[in-house]
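Just so it is clear, none of the values below were taken in a lab; they were calculated from the coordinates. Bear in mind the structure is a predicted one, so any value in this text is a computation, not a measurement. With ideal geometry, Cβ positions are generated from the backbone for all residues, glycine too; neighbour counts draw on all protein chains shown.
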Amino acid sequence: MAGGGFYLAYLSYFRGARLPERLSSWGGGGLYRCLFHKYYVDELYDLVAVLPLTSLSGWLAGVFDLKVIDAVVNGVADRVRGSSFFWRELQTGNVQHYLLGFLAGTLALFGYYLYR
C-alpha cells in the first residue's frame, strides 16, 4: 500500500503527469474539494465551538466583567474606604487616649458582671 502511494505520488508530481488536475475535475470536483478541505472538519469545529466561545468570551469581557465583577470589587473598596474614615478618627496615635479607652472598656465589663 505504501509503495503504491509513493508510486502514485511520483507519477503525479515528478513525471509531469497532471493527475491532480484530472482528479479535481473528476465527478464535478466535489470529492476532491471535500478531501482537499479535510472533510470540512476545521470549518465545522470553527462554526460549532470556536465562534460561540469567542462570542461568549467577548460578551463576558465587555459586559459581565465591567458591570458585575468590577462593580463588586469597586463596591467592596468603597465600603472599606468609607469605614476607614470612622476608624481613622479613633486612631490618633496618642497612647493616653488608648489607655483611656482600655480603662473605659474594663470598667464597663466590670460593671456589667458586678450588677448582673
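Qualifying chymotrypsin sites (Phe, Trp or Tyr not before Pro) in the stretch 27-116, where qualification requires a DSSP coil assignment and no more than 12 other C-beta atoms within 10 Å, comprise TYR115. You can think of it this way: the chain between VAL48 and ALA108 has 14.7 nm of extra reach, that is 0.36 nm per residue less the Cα-Cα gap.
If I compute Kirkwood radius over Cα pairs in Å from the structure I just sent, which labelled value in (i) 15.2; (ii) 23.2; (iii) 19.4 lines up? Answer by label: (ii).
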